[in-house]
Amino acid sequence: MTGRPCINPSLVRQYLFCPAAAYYIIAGLAEPPTERMRRGREVQREAVEAAARALGAEDVRYSVELRGAGFCGVVDAVLTINGRPAPLEVKTSPRPRRVPTPHKAQVAAYMLAAQAQYGRAVQRGYVYYAESGDVVEIRLTRDLRDLVLHVAGRIRQIYAGYTPQPAVHPSKCPGCWYRKWCADISRAIDII
Ligand code: SF4
């Protein structure tokens, strides 16, 4: 690949789930849309409206393409809250007890792109967990920004030819769609 690839924030989420999964997506082997994903698209507008109401947003833009700071992707919505833009990502699942780092990092990548695109500080983003109706605020801390930029660097290495090796993860691999590409992992899981 020539030039500097812009990184989709959902790839940042996938990399933090498993670098090998991010590699398969970059290689063109992405999981086809699942029933859950299709359902997610159907409830998306309703979910964005519910989150915007809960947050008292002054303005809502749906399915916004954000590009900047090395990231590009379409976020579910950009809300305007107290005059400032704030990306919103919708998840169809209920709110987990602790918000997973991959979810925080995905929103943070959208925040960095929004900052560059709008030329304004974007300090907050949100995840809306549609099944439980919870909105969670994500703050762009220095640690979170550093993590996202680090992951983006690792993803660029994959685009440049680096192949991360799959590593057995008992809580992730058994239900992972990409397991069929991880031959050694499949064998290891079968033995567990
Ligand atoms: S099977 Fe395991 S190692 Fe392979 S992509 Fe999935 S989570 Fe990663």
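The values are calculated or read from the model by the stated rules, or taken from the named source; none is laboratory data. These numbers come from a predicted model, not from an experiment. Using ideal geometry, Cβ is built from the backbone for each residue, glycine included, and neighbour counts are taken over all protein chains shown. What goes into the accessible areas is simple: the full protein's heavy atoms, side chains included, and nothing from ligands, DNA or RNA. Shrake-Rupley method; radii C 1.70, N 1.55, O 1.52, S 1.80 Å.
Summary table
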| quantity | calculated |
| --- | --- |
| Filter result (within 16 Å of the ligand (Cβ to nearest atom) and in a helix (DSSP H, G or I)) within region 25-55 | Ile25, Ile26 |
| Restricting region 144-167 to residues that are surrounded by 14 or more Cβ atoms within 10 Å (Cβ to Cβ) and within 16 Å of the ligand (Cβ to nearest atom), the residue that is nearest to Ala86 (Cα to Cα) | Val151 |
| Set Gly40, Gly28, Gly68: member being modelled with pLDDT under 95 and out of contact with any strand residue (DSSP E or B) (no Cβ under 9 Å at 6 or more places or on another chain) | Gly28 |
| Looking only at region 11-24, and only at residues there that are open to solvent by less than 60 Å² (accessible area, probe 1.4 Å) and within 10 Å of the ligand (Cβ to nearest atom), the one that is nearest to Ala105 (Cα to Cα) | Gln14 |
| Subset of region 168-183 (residues that are surrounded by 16 or more Cβ atoms within 10 Å (Cβ to Cβ) and part of a helix (DSSP H, G or I)) | Cys173, Tyr178, Arg179, Trp181 |
| Filter result (crowded, with 19+ Cβ neighbours inside 10 Å and in a helix (DSSP H, G or I)) within region 116-143 | Gln117 |
| Residue count, region 134-168 (criterion: more than 22 Å from Met111 (Cα to Cα) and modelled with pLDDT of 90 or more) | 8 |
| Count of region 152-168 residues which are in contact with a Leu (Cβ under 9 Å, 6 or more places away or on another chain) and closer than 16 Å to Arg179 by Cα | 0 |
| Filter pass, Pro94 being within 16 Å of the ligand (Cβ to nearest atom), in contact (Cβ under 8 Å) with a residue 40 or more places away in the chain and within 20 Å of Ser132 (Cα to Cα) | no |
